[in-house]
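Everything on this sheet refers to the single structure shown next.
The values are calculated or read from the model by the stated rules, or taken from the named source; none is laboratory data. Since the model is a prediction, treat every value here as computed from it, not as a measurement. Here the Cβ positions follow ideal geometry from the backbone for every residue, glycine too, while neighbour counts run over all protein chains shown. We work out accessible area using only protein heavy atoms, side chains counted, and drop any ligands, DNA or RNA first. Shrake-Rupley method; radii C 1.70, N 1.55, O 1.52, S 1.80 Å.
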Amino acid sequence: MKRHSKISKCVLFILLCLFCFACKQSAKQTLAAPASNPPNPNVKNISYADPAIRVIHVFVALCDNKYQGIVPVPAAIGNGQDPETNLYWGCDNGVRTYFKKSRDWQLIKRQKGHTMVLERLVFKHRSKNVYLVADAWDGQAIEKTTEDYLFSSSGQLKDTLHINKKIIGINGNANLLAYIGHDGLMDFGLANKFSNADHKTRDCIILACISKKYFKDFIASAKATPLVWATGLMCPEAYTLHDAITGYLNNEPTEKIQQRAAQAYAKYQKCSFTAAKNLLVTGW
């Protein structure tokens, strides 16, 4: 936290102003082809399910001035190879810092990762049998991050995690899959190889600029259920995810989950609730 405090309030204010323009609106969309490919045999597929334990798996593509198509943010928070001060991870409203401060969640494990996933955090909900696994992906690996997110959403990529003598399901074994970061699909195209592999429906949240437009065909092929995604440019910080998850764990209807997300966004971005609700939508 001491390192974060070095970033002045002035810089953060400038950042929020910049962020409205952080995604390239002129990016050319690559339309996804109809899903016809079989499940990818090259991805891990370890099936596991324990109905008593719910799992949320969060993919965070670290903000990266060098390797992502964004308007550069201050260097201290735009280094996609340094989670410590990254906008989406180590800053006050990054996933690691925000969820560590939450009264609802307890950090039970922090693990340094490999060359692409630089850090993994495991949180346990304080009153529910729910785990949240958050991965900080190297900003340079945003295409791989997006692919693994979509493979997980379709049930093609499944894995498990051993935590406190328990086994929990991650990737496609998770109940809810969330993506936070720049919308890389504005910069690169992916073949639609994300057809649903197991006839199971997973819930998803995609907090990235214009994510509904760019992710829609892939999520449809995966047969996942979009709880919250964006119709325009946005700042994908952790408060929106946090409050949407609160509604999700309370088994609230999708409209209420959307409302919680919009209220959080309006509060921190100092915009109207109506504007936030038009930006953060649910369903198709």
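What is the number of the single condition among (1) within 20 Å of Ile205 (Cβ to Cβ); (2) open to solvent by 40 Å² or more (accessible area, probe 1.4 Å) that Ala134 does not meet?
Status for Ala134: all satisfied but (2).
Say we look at the stretch 177-217 and pick out the residues that are assigned to a loop (DSSP other than H, G, I, E, B) and among the hydrophobic types (A, V, I, L, M, F, W, C); which of these is most open to solvent (accessible area, probe 1.4 Å)?
We begin by selecting, within the stretch 177-217, every residue assigned to a loop (DSSP other than H, G, I, E, B); these are 181-183, 187-202, 208-210.
Still in the running and among the hydrophobic types (A, V, I, L, M, F, W, C): 188, 190-191, 194, 197, 208-210.
Numbers: Phe188: 36, Leu190: 14, Ala191: 67, Phe194: 0, Ala197: 39, Ala208: 0, Cys209: 3, Ile210: 29 Å².
Among those residues, the one meeting the criterion is Ala191.
For Ala220, which of the numbered conditions (1) open to solvent by less than 30 Å² (accessible area, probe 1.4 Å); (2) over 23 Å from Ala141 (Cβ atoms); (3) of a type outside the set (Phe, Trp, Tyr); (4) not in a loop (DSSP other than H, G, I, E, B) fails to hold?
Ala220 satisfies every listed condition except (1).
Looking at the structure I just gave you, is Thr231 over 29 Å from Arg103 (Cα atoms) and in contact (Cβ under 8 Å) with a residue 40 or more places away in the chain?
Working: over 29 Å from Arg103 (Cα atoms): yes; in contact (Cβ under 8 Å) with a residue 40 or more places away in the chain: yes.
Spelling it out, Thr231 is indeed over 29 Å from Arg103 (Cα atoms) and in contact (Cβ under 8 Å) with a residue 40 or more places away in the chain.
What's the total number of residues in the stretch 139-157 that are touching a Gly at 6+ places or on another chain (Cβ under 8 Å), crowded, with 23+ Cβ neighbours inside 10 Å and not hydrophobic (A, V, I, L, M, F, W, C)?
As a first pass, look at the stretch 139-157 and keep what is touching a Gly at 6+ places or on another chain (Cβ under 8 Å): 139-140, 142-143, 145-146, 151-157.
Then drop every residue that is not crowded, with 23+ Cβ neighbours inside 10 Å, which leaves 139, 142, 145-146, 151-157.
Of the ones still in play, those that are also not hydrophobic (A, V, I, L, M, F, W, C) are 139, 145-146, 152-156.
Qualifying residue count for the region: 8.
Which one of Lys112, Lys128 is open to solvent by 40 Å² or more (accessible area, probe 1.4 Å) and touching a residue at least 24 places away in the same chain (Cβ under 8 Å)? Before you say what the answer is, go through the steps one by one.
On the way: Lys112 fails: touching a residue at least 24 places away in the same chain (Cβ under 8 Å).
When all the criteria are applied, what remains is Lys128.
I'd like to know if the stretch 158-166 contains one or more residues that are under 26 Å from Asp82 (Cα atoms) and open to solvent by less than 10 Å² (accessible area, probe 1.4 Å).
Yes, because at least one residue in the stretch 158-166 is under 26 Å from Asp82 (Cα atoms) and open to solvent by less than 10 Å² (accessible area, probe 1.4 Å).
Within the stretch 228-245, can you find the residues that are under 14 Å from Lys277 (Cβ atoms) and not in a loop (DSSP other than H, G, I, E, B)? Spell out how you get there, then give the answer.
Residues of the stretch 228-245 under 14 Å from Lys277 (Cβ atoms): 228-232, 234, 240, 243-244.
Selection gives Val228, Trp229, Ala230, Thr240, Asp243, Ala244.
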